[in-house]
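Each remark here refers to the structure printed beneath this line.
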Amino acid sequence: MSMDKKWKTAISGIIDGEAHIHGYKVTELIDKIGFTDAIWLELKGELPTEKERAMLDGILISTIDNGLGPPSVTNARNSASAGNPMQASVAAGVLGVGDSHGGAIEECARLLQMGLTAEKLVEKVISSGDRIAGFGHKIYKDADPRATQIFEKAKKLGFYGEHCELTVAVEKVLEEKKGKKIPINVDGAIAAVVSDMGFDYRLGKGFFLIGRVVGLVAHIFEEMVREKPYRRIADEEIEYDGEPARKI
Ligand SMILES: CC(C)(COP(=O)(O)OP(=O)(O)OC[C@H]1O[C@@H](n2cnc3c(N)ncnc32)[C@H](O)[C@@H]1OP(=O)(O)O)[C@@H](O)C(=O)NCCC(=O)NCCS
């Protein structure tokens, strides 16, 4: 094998004229494994155990769709409404993901993987005036049911480890500091479990994107076949509060 080529990858390649992923022939993967197994293989380099597959399945399902409201889906549907093709509208939807939408998994996992105690972690973030990613919710003020479900599944499958425990400890310290409960949200639970499954925090947004693209494709298709083109915000919902009309 030549070692001096400019582009190198250990993920996939052509061996004896056939595509392989981490050494497994794609044709054999098509025959023998499921999609979530293939995602795990692509990201981790090995096939998952049954428990690992089941846990990743749950995580990905939680990211697929939570309604038309969030920026990823509205971006995608607005783009489709303007007459753009599928790939452009998926790209528009992906650009609707950011630090405030889907981005908390990465930041929370980064904090959890720093090796700090719960007290130090809370102190570090709060003293700089920031909010701790993965905690708090606009609607769920006591517990985010998606986070509860993910932790329950992690316990059942044996992935409730030190990062999950740290997350619960952070929730307690945060409650003491703030005088009210700021519950672990779905992003925080995912961050804790993927950390306990040995994933690098920099894959955090990746988990959200892998699942969310499924939802984007479905929403874009529905926009194409169900709605009239050129969706726009109704005038009653728009308020102009700039300069009154004036002359040059
Ligand atoms: C999700 C979020 C925007 C909800 O905000 P909200 O509805 O304004 O939150 P609440 O009204 O319940 O609480 C506001 C108070 O709690 C504090 N608070 C809320 N979430 C906090 C967090 N994650 N870390 C620290 N403090 C937090 C605020 O600083 C504020 O405190 P104050 O009253 O002393 O100013 C917010 O919790 C947040 O930014 N979380 C972090 C980002 C995140 O995880 N996003 C993914 C959501 S699924």
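Observations, loosely collected:
- Restricting attention to the range 25-49, the residues being charged (D, E, K, R) and under 22 Å from the mean Cα position of the chain (by Cα) number 4.
- Condition check for residue 154: among the small types (Gly, Ala, Ser), open to solvent by 20 Å² or more (accessible area, probe 1.4 Å) and under 22 Å from the mean Cα position of the chain (by Cα): no
- Test: residue in the range 108-126 that is assigned to a loop (DSSP other than H, G, I, E, B) and either within 12 Å of the ligand (Cβ to nearest atom) or aliphatic (A, V, I, L, M) (or both): yes
- Selection within the range 76-106 - under 16 Å from the mean Cα position of the chain (by Cα) and at positive phi: 102
The values are calculated or read from the model by the stated rules, or taken from the named source; none is laboratory data. Because the structure is a prediction, the values reported are computed rather than measured. Every residue, glycine as well, gets a Cβ built from its backbone with ideal geometry; the counts of neighbours run over all protein chains shown. Surface areas here come from the heavy atoms of the whole protein model, side chains and all, with no ligands, DNA or RNA. Shrake-Rupley method; radii C 1.70, N 1.55, O 1.52, S 1.80 Å.
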